[in-house]
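Below you'll find the structure, written out as structure tokens, and then a few comments.
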Amino acid sequence: MAESRNADIEGKGTGVALNFRQTEILELARAEGRVVVEDLAARFDVTLQTIRRDLSDLADAGHLDRVHGGAVLRTGVANIGYEARRRMNEGAKTAIARACAAAIPDNCSLILNLGTTTEAVARELLAHRNITVITNNMNVANILVANPGCEIVVAGGALRRTDGGLVGELTTQFFEQFKVDYAVIGVSALDRDGDLLDFDLAEVRVSKAIIQQSRRCFLVCDHSKLDRSAPARLASLSEITTLFTDQPLPGELMRKCEAWETGVQIAV
């Protein structure tokens with residue numbers, strides 16, 4: 001009964017319901033400032049992956065910031081929802097999006113996937129002409145409605161209400177029907193080995209299909225993604241045509257990109 005009651009508790013100001021375990025995790029973070037994945041898994045007798053999903057949900061709801069091995073209480077920006085997260089690092093995202101959009105010509109086809117930075121790219125495509133955009137991001141579709149020169153194709157799949165994303169096997173199969181000139185993807189984390197990481201395996205499968213079905217793939221992510229960690233490997237930077245970001249990469253990772261012939265463009 002306790003779990004049932006707590007399942008209806010909403011993160012204040014977010015509209016996202018927290019379950020019993022997530023509510024306790026948040027209370028622990030408030031008391032201690034930091035929570036560790038392994039400790040939480042032992043405390044609640046669940047898998048590490050379950051705890052990582054809980055921490056991801058709490059981060060998405062604006063309560064915590066993910067750090068390597070766990071999460072810390074978000075200070076100063078707590079209790080914010082998706083609309084507010086869209087404004088975080090807004091200047092960097094806008095610069096990245098502008099640089100990425102400049103590399104996309106008129107008269108082409110492209111896929112845009114989930115993420116606030118890909119949504120920023122969509123806003124920078126409003127003046128492009130004769131483009132076809134295929135997306136599993138309802139926010140991207142709504143933005144591009146304002147561009148009369150853009151044909152919009154929306155994927156099927158299960159709607160994720162927290163961010164307007166469509167995910168799942170149906171979405172993966174949908175993208176497998178296309179071969180586009182460009183793909184623009186976001187990512188939850190980027191590690192020092194050059195691996196693109198995410199939390200949601202369903203979203204990872206969709207993104208893998210998107211990369212496979214594009215002739216050129218652009219990754220858009222700001223420098224904060226290098227400070228995050230996630231359990232599911234999506235791809236390597238070696239599979240990316242160009243990374244658009246806002247700060248120089250660590251030296252070793254930059255050398256790997258040069259060896260892979262992956263372009264790196266620093267947006268200013």
Compute the helix-to-body angle for 20-32: its Cα long axis versus the longest principal axis of the chain, expressed 0 to 90° and rounded to tens. 80
Long-range amide H contacts for ARG160: which residues qualify at under 5 Å (H placed 1.01 Å from N, peptide plane, sequence gap of 5 or more or a different chain)? GLY165, LEU166, VAL167
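Per Stokes-Einstein, at 25 °C and 0.890 mPa s, what whole-number D in µm² s⁻¹ belongs to the chain, with the Kirkwood radius over Cα pairs as the hydrodynamic radius?
Working: Rh = 19.2 Å.
Result for D is 128 µm²/s.
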Under-5 Å amide H pairs with GLY70, H placed in peptide plane, nonlocal only: VAL37
Using only the Cα atoms, what convex hull volume per residue in Å³ does segment 157-215 have? 86
Under a cut-off of 20 Å between alpha-carbon atoms, report the aspartates and glutamates in cross-link reach of LYS93, not counting same-chain residues fewer than 8 places apart. ASP60, ASP65, GLU83, GLU119, GLU124, ASP163, ASP191, ASP198, ASP222, ASP227, ASP246
Given the -39500 (n - 2.57) contribution per DSSP H run of 4+ residues, what per-residue ellipticity at 222 nm results for the chain, rounded to the nearest 500 deg cm²/dmol? -11000 deg cm²/dmol
Return the sequence-ordered ³J(HN,Hα) values of segment 152-167 in whole Hz as given by the Karplus equation 6.51 cos²θ - 1.76 cosθ + 1.60 applied to θ = phi - 60°, using x for Gly and Pro. 10, 10, 9, 5, x, x, 7, 7, 9, 5, 5, 9, x, x, 10, 9
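Given Cβ point charges of +1 (Lys, Arg) and -1 (Asp, Glu) and nothing else, what value in debye, to the nearest 20, does the dipole of the chain about its Cα centre take?
Values: 30 positive and 36 negative charges, 76 e Å.
Using only the charged Cβ atoms, the result is roughly 360 debye.
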In terms of the alpha carbon gyration tensor, root eigenvalues a ≥ b ≥ c, rounded if a/c is under 1.5 and otherwise prolate when a/b exceeds b/c or oblate, segment 175-268 is oblate
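Since every read-out is calculated from the coordinates, none of them should be taken as a lab result. Keep in mind that this is a model prediction, so the values were computed, not measured. Here the Cβ is made from the backbone with ideal geometry for all residues, glycine too, and neighbour counts use every protein chain on show.
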